[in-house]
Amino acid sequence: MSIIITSILYVLVAVSAVSVIGWENLSSSKAPLADVAKAAFGSTAFLILGLIALASTANTVLMALLVTSRTIYGMSEEKSLPKKLSIVHSKRRTPWLAILLTLVFAAAFALIRNLEFVANLSNIFIFLTFAIINLSVIVLRYKKPNASRKFRVPLNIGKFPVLIFLGIIVSLFMLYYSVVNAFFAI
């Protein structure tokens, strides 16, 4: 459902943008949505878009830090990472050591001071994670074929999940281009 809703929203935004300033202006614009907002709302649109972008970026970063620390905690609980990373604070009930480790890595990224390079590094880690997760589904299919699974992946050839394999290919393709872009950002 989320993919369908997102697709509909994208189409509606595209139709709205084309109806406001036309496809010719959109195709040559360096900031198409900002140009659409300026045409629709005037010069204050840039301030409004800037505030929206700042709020959404802050929210995205907050969620990424939260998810990262909880992923480290979960992997530690499953013995994929050192057990100390699953230590939970006695009062707050949060994985404080995993949060501290996430803080150190986030601070290291902040010290780089090249936003484009940091964005590309973020993409590299995301696509690498997606590739590893997809690969783990295939590995688990063969290592633990009789394990109880709450979710079934459609489109299989025998035990081999075709969609998961395509996910690996797409993730590696995107990973390659993120690495190339990261080196150009240096």
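Remark: Phe165 matches the filter, which requires a residue to be among the aromatic types (Phe, Trp, Tyr), part of a helix (DSSP H, G or I) and modelled with pLDDT of 90 or more.
Taken residue by residue, the range 130-146 has at least one member that is basic (Lys, Arg), in a loop (DSSP other than H, G, I, E, B) and surrounded by fewer than 16 Cβ atoms within 10 Å (Cβ to Cβ). Residues that are among the aliphatic types (A, V, I, L, M) and surrounded by 15 or more Cβ atoms within 10 Å (Cβ to Cβ) within the range 34-53 comprise Ala34, Val36, Ala37, Ala45, Leu49, listed in sequence order.
The values are calculated or read from the model by the stated rules, or taken from the named source; none is laboratory data. All values derive from a computational prediction rather than experimental measurement. Note that each Cβ is placed from the backbone with ideal geometry, even for glycine, and that neighbours are counted across all protein chains shown.
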